[in-house]
Each structure stands twice: as C-alpha cells, then as structure tokens.
Protein chains: 2
Amino acid sequence: MSDDGSWPLLEADLLPLSIGAALLGTGGGGNPYVGMLRSRELLRKGATVRVLPLDALSDDALIGEVGGIGAPVVGVEKIEEGAECFRAMRAVEEVLGIRMAALISAEIGGANSMEPVITAAQAGLPVIDGDGMGRAFPEVQMTTFFIYGAKPSPAAIADDKGNVVVFRHVQDMYWLERFARDTSVAMGAAAGLAIAPMRMDFVRRTAVPGTVTQALTIGRAVLDARAKRQNVVERVCAATGATLFFTGKITDIHRELKGGFSRGEARIVGLGDWQGSEARIAIQNENLVLWVDGQAVIMVPDLIINLDLETGEPITTEILRYGQRVAVIGLPVHDLMKTPEAMAVVGPQAFGYPELTFAPLAFGPISA
Amino acid sequence: MSDDGSWPLLEADLLPLSIGAALLGTGGGGNPYVGMLRSRELLRKGATVRVLPLDALSDDALIGEVGGIGAPVVGVEKIEEGAECFRAMRAVEEVLGIRMAALISAEIGGANSMEPVITAAQAGLPVIDGDGMGRAFPEVQMTTFFIYGAKPSPAAIADDKGNVVVFRHVQDMYWLERFARDTSVAMGAAAGLAIAPMRMDFVRRTAVPGTVTQALTIGRAVLDARAKRQNVVERVCAATGATLFFTGKITDIHRELKGGFSRGEARIVGLGDWQGSEARIAIQNENLVLWVDGQAVIMVPDLIINLDLETGEPITTEILRYGQRVAVIGLPVHDLMKTPEAMAVVGPQAFGYPELTFAPLAFGPISA
C-alpha cells in the first residue's frame, strides 16, 4: 500500500476477486471467469492496475463507470472480444473532449467486477475501490450513481464488431436503460457500456465503498475454506455477515430470455433444518425475492445468494437446474441502497412487486 | 430562377410537391400532409428554402441527408414534434465539428419529401433537387448514396422528447439500419435520422436527379386534372411515363406491424379490362411486387403505385381497405437503381424474393 492508500492489483488477487464477485452477483451479473482470464493476460503482459480508495484523487477528477450489458445467459456462450468497454469509454471521452482519471465498476457482482479492471489495464488507469451497486442488478439505472443524480448522457455502447453508439442526450436514466438495452440486443445481447464521467467528489459520496476489497476478502475466505476442507457456506457467512435462510433441492426452474433479460422462477423443497418447507425465488437476471412457505423473507435490494450446498460455489441463475442442492444465504445491502430515493429504483415495487414493502435484513444469524 | 439555376420553394409549391411525393411513395413513405403543413407554417413565418440543381455548389460542399424513420402506420397517429431531423443533423455536425451546406432527401416518396424542407427552413439551408431513392423504400441502406459508398457513420437519430442517439461507428449500412430501426422503435416508431455528410461531388454522381421538380410536376398535373375534371390516372400516366397495369377492387388485405415495419399483402379482383383476372401486391411499408394472375409483372426497385380509381388519390398501404377500387400503375425507377450494386440492396432478392429476377419496366404504354 502506498501513501494514498492505493495498492496494485496482483495476478494472485484476480481469482479470489472473481470468486467473491460471482457470489455478490446474487445469481446474476454474469460469470466473471472469462474477464478474470483476460485481466490475467493483460497483467502478465505488463499492465499495472492500481486500486484507489475512495478518498484518493482530487474532487474534480473525472471517473468513468464501465460495465458489460446483456443477458448473462447469452454471455455464457458469446464471449466479449475484450475491448468493448474500452471503446465505449473512449467514445464518451471523445464526445466531451475529456479524459478519465480512474474507472469504477457499475456493479461489483459478477462479470462487471472485471470489466473496469480490463479497461483500466488497456487504458493505463487505476480503478476505484467501490462500485455502484454493492451487488448485481439487471438494469442500467440501478446504480447508486444514477439514484443520486449522475447524468444519463453522454453514454456509449460498443460491441465486438467495432460498432459504437453514443447516447448523446437522453431524457433520464430510464431512457438510457431502454436505448442501451435495445442496442445491446441488436449487438447480440453482449456489449460494453460507458456512462458520462462523474466528478470524484460525487463518486466519494455515492459509491458503495470498499467493494473490490470486500469481493477479494470473500474470495480469499472461500479459497481458504476449500483448502482447509471447511464448510464453505459457514465461512462465507462468517466472512460477510450473511445469514443462512434456507437449504434445499431445486424441484422446478423456468427461465426465458425476454427483452434482453433472463426472467423466471425457481422452486426449492427444504432439506435439513428446512425439511417440510418450500422456498421460491423470483429471477430477473439476479435473484429478486425469496419466499419461504409463502412468506417473503428476503427481497431486493438485499442480497439473495444461492451456494452449492456441498462445494459452496455460487450458483448463478443461468446454471440453476433441477436436482441441485443449494444453500440460500441473505446479506444486507449497503445503506445507500435503502433510502427512499433508492427504493424507488431498486426496491421490490420497482421490480414489479407492489404487494411487497421492503423489510431490510439485519446483520447476524437468525434462527432457522 | 437565379444564375445558378436555383429557385425558391414557394408556399404554392408545397401542396403539389406533397401530392407528387405521396404518389412517388409507392404506397409507403408516410403521408407528407403534416410535413407540408409544417413547411407552410415555417415559410409563412419568413423562412426561405431555395432548391439547388445538382450542378450547384462546389465539390467539397458538405450535404446532409435527413429523413424520418419509423413505421408509416404509426406516423399516422404519432405526429412528429417537428425538429427531430434538425436535432439529429446538429448532432452529426457537432460530432464532426462541421456544418452542412445544403440538405437532400433520403427519399422523395412520401413524408420524407418534406423533412429536408422543414430542416432546411429551421437551419437556413437550401435543399438539393434530387434524392436517394426516386421513390420510397422501407430501409435506411436503400439509397443510391449508400449503394454507391456513402459512409454509414456518424449518423444520429432524435425523437420528440429530446433524446439524441449518435451512431458513432457502425460497421456498414446494414448495421446502421439495424441500430437506427431498433432505436426508432424504442423512440415510439417515429424519429428523425441524419446521416454523415456527403461531399457535393459524390452527391452529384449518386443522387437520383431532379426529383423535387418531378414530384412538383406530378402534383401540378394531378391538381390541374382535378380542376379540369379530367381522368387523373390518365394524366398521371401522361405526366410521368407510367403505365396502367391493373384496375380492380381490393378483396383481401392483411398487414402487421413487425420489427418496426408494416408488412402484408393485398389481393385485388379485376375490373374493366382486367375483369376475370386477379392481382396480388406484397407490402413492406411500400408496394414491393405486383403479381397479375400469378405472374410477377412489376417488382422492386420499379415503382408500383395504387391510385384511387375515381379520384386518382394515391392510396398508401396503411389506408388500403376492403372494397377500395384501385388503378395500379407502374413507373420505371431511375437507372442508378438498376445496376448490379443497386440490385444487391433494392432488388427483389434483397426483399426476400429469391425466385424473382428483376425484369425492368420500359417507359410507355403497353397493352392490357
């Protein structure tokens, strides 16, 4: 660590970072594995990516937010060419005649944990230790940045074929989501998005802090538990403050690709302490709501994470299948995601559950 | 007319221009009536729009091509706010740091005859006497400009809400069509598109020449025939060199809005000289192919125009209905649309009729 609290991201950090990020993906966000390999390749070729704490940089430094956009179920098959976010960021810079001073992730959960690292390595920039969600969410406007007033334009989207589309003026973040989603679908449902630069003082106030470090810590705990043959689910709960909410076997799962999203639902019959109970999880790329015996017990924006009951591997919504044995853990989201402003964008009502009123999780174990 | 052969578009020109343009719309292109009213309003407020022949302006003058994009069936109900093309053109200018010297229509057929006039009045620019189709076509790439190598980017699209999307780099004209179409659908299927500036020497070589004048001439002939209670269909054929191919009554019409297009087919049973015959017209916004008794007799890119048998009013595909009595006339398209390069983009095969080989119409009457 240097005087400003920054530290270089090492090759050895990439695997635990990707594991922790996959877990924070709450079933979505796409698999960070390919991005991890690409980051590793760039670091091996000599690129350096420093991670800056939120108190680094001057107030007027311009921060770029980049991330992949598309349906995770497509991302599994259609691998990004690797410079999509870079080209999108350059297009935003070019339109405004500015240069970014650092990058930050739109979402630490899933593949978008790696996109800013890849772009930073390509552009010679540092990344900020934080992100706009503290998890994964399915839509562009669902970041703390947009919730607290980041400008929706100019933003840009780029694909693997050299196509670059700039959203020069968009009315609001919902129109950005709409245009970016439709364009990403035209691009084959996998593209890189860069949004308008944000001032560092704004990012300091609005980013979910320390989430690169958090993902790394979780990933290291998982790897350590595996090496020591400990119960991974228990270690993850201990490392994160998460609570075990259900264990069971998937009995039914349906998903469809609709409007660029994976939507669906999974049913789980209880095992162990939950024998005789039934759980249900609603999905829109990510896990949205967990019901146990008909009662909603965890709901967005809190994190619902499915882990393989034996290995502790996070199970993403696109690989959920009949017969899987899962542990469902719940993790409270950051307070920035629980304000009335945030509820309007990422609360249960925003996801189409008017009957649910957000009941926040508390940290610490509860009885089963 | 001044020394350079240019002439001012007068208020009295607007109605005949819109009538001729509607006829050249070959069933599509949208109704130019609202655009005519908007142009009139602008001229009445003091705007001046000069029409320049293709030999005006220096070789390096930059020409902007603008036009509305969307499904005509939507355009009937969703009226453009009026500055969509203007804002799209400004976005292209801004991205490149240039200014247009004049505007040209993407398609003289239908509503897009008026869009460059409106934008020219708003921007204080002249318009060129020519266009990129000599008719109407459903897709962005179907202009002589793109067929002969115009750059597909940067282009820009704007809606009535202030949203502006710039297609900064697109691989080719088909990708531009794809992105612009999807964005126009997101914008409510009615938006203004401006493409990259073209040099005047390129436009001179590639534009379908004199089509503003042609539309005016047709419109004046229609108005004159109406005033003199002459047979409008005959006057139109005489004024344009078109041939009457069928007269009959619509017995079946189906249309659907699909991917931003109106697609469908109309069936017509013969009347008069065509008693006992049956015709069929395929539609994708415009009339694509006319079959008479199972034989394809006119096909894209030649013009298939339905006129009301009694009034001579052009009948657009969105107002075709059961029981209408129509005269179907055919008009040869300009030679620039009949080259092998053009066939690849606007020939019957490009429209999904692999079984058809383009057989060009000849000018002059044929026997029924």
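Just so you know, all these numbers are worked out from the coordinates, no wet-lab data involved. Treat the numbers as computed from the prediction; the structure is a model and nothing was measured. Cβ placement follows ideal geometry from the backbone for every residue including glycine, while neighbour counts extend to all protein chains displayed.
Data overview
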item	result
Unit charges on C-beta of K, R, D, E only; dipole of the protein assembly as shown, Debye	300
Cβ-placed point charges (K, R +1; D, E -1), dipole of segment B:86-165 about Cα centre in debye, nearest 20	160
Length added when fully stretched, A:Glu310-A:Asp335, from 0.36 nm per residue minus Cα-Cα	5.8 nm
16 Å Cα-Cα reach of A:Lys249 towards aspartates and glutamates, excluding residues that sit fewer than 8 places from it in its own chain	A:Glu265, A:Asp273, A:Glu278, A:Asp293, A:Asp308, A:Glu310, A:Glu313
From phi via Karplus (6.51, -1.76, 1.60), per-residue ³J(HN,Hα) for segment B:96-109 in Hz, x at Gly/Pro	9, x, 10, 10, 6, 9, 6, 10, 9, 7, 5, 9, 6, x
Cα lying deepest toward the dipole's positive end in chain B, options B:Met142, B:Tyr174, B:Asn112, charges on Cβ	B:Asn112
Virtual spin-label span in nm between A:Tyr322 and B:Glu11, 7 Å along Cα→Cβ	7.5
Dipole of chain A [Lys/Arg +1, Asp/Glu -1 at C-beta], most positive-end residue of A:Ala155, A:Ile63, A:Pro32	A:Pro32
Placed amide H near B:Lys161: partners under 5 Å, 5+ positions off or other chain	none
Calculated [θ] (222 nm, deg cm²/dmol) that DSSP helices of n ≥ 4 give over chain A, each run adding -39,500 (n - 2.57)	-9000 deg cm²/dmol
Average beta carbon contacts from partner chains per residue of A:149-162, 10 Å cutoff	2
Nearest-first distances (nm) between copies at A:Gln349, label 7 Å from Cα via Cβ	5.8
Selected from A:Ile305, A:Ile329, A:Val292, residue furthest toward positive end of dipole (segment A:290-335; charges at beta carbon)	A:Val292
Two-site FRET efficiency, A:Asp201 against A:Leu257, from Cβ-Cβ distance with R₀ of 35 Å, rounded to 0.05	0.30
Approximate spin-label separation B:Thr217-A:Glu265, in nm, with each point projected 7 Å along Cα-to-Cβ	6.7
3J(HN,Hα) from dihedral phi, segment A:85-94, Karplus parametrisation 6.51/-1.76/1.60, rounded to Hz, x for glycine, proline	5, 4, 5, 5, 5, 4, 5, 5, 4, 5
Between 0 and 90°, nearest 10: helix B:211-227 axis offset from chain B longest Cα axis	50
Along each principal axis, Cα extent of segment A:1-123, largest first, Å	39, 35, 29
Length released on extending from B:Arg99 to B:Lys45, taking residue separation times 0.36 nm less the Cα-Cα span	17.1 nm
Nonlocal amide H pairs with B:Met133, under 5 Å, H built at 1.01 Å	B:Ile108, B:Thr144, B:Val208
Nearest 10 degrees, 0 to 90: helix A:33-44 Cα axis against chain A principal axis	40
Exam field: B:Arg44 pseudo-label spacings to other copies (7 Å along Cα-Cβ), nanometres	7.3
Amide proton proximity set for B:Ile69, modelled H, under 5 Å, gap of 5+	B:Ala191, B:Gly192, B:Leu193
Kirkwood hydrodynamic radius (C-alpha pairs) into Stokes-Einstein, segment B:229-368, 10 °C and 1.306 mPa s, D in µm²/s	104
Cβ-vector label at 7 Å, B:His254, separations to other copies in nm	2.8
Set of lysines with alpha-carbon distance to A:Lys338 below 25 Å, sequence-local pairs under 8 removed	A:Lys151
In segment A:262-342, the chymotrypsin sites (Phe, Trp or Tyr not before Pro) that fall in loop regions by DSSP, at most 11 other Cβ within 10 Å	A:Tyr322
For chain B, size of Cβ-based charge dipole, Lys and Arg +1, Asp and Glu -1, in debye	460
Over 15 Å [Cα-Cα, segment B:305-368], rounded percent	64
Mean projected area (nm²) of the alpha-carbon convex hull when the protein assembly as shown is viewed from all directions	36.2
Estimated translational D of segment B:140-229 in µm²/s (Stokes, Kirkwood radius over Cα pairs; 10 °C; 1.306 mPa s)	104
As computed over chain B, the Cα convex hull volume per residue (Å³)	125
Estimated inter-spin distance, A:Asp172 and B:Lys228, nm [label 7 Å along Cα→Cβ]	5.9
B:Ser2/B:Glu355 FRET efficiency (R0 51 Å; Cβ-Cβ; nearest 0.05)	0.50
FRET efficiency, B:Ala344 to A:Ala362 (Cβ-Cβ, R0 60 Å, nearest 0.05)	0.35
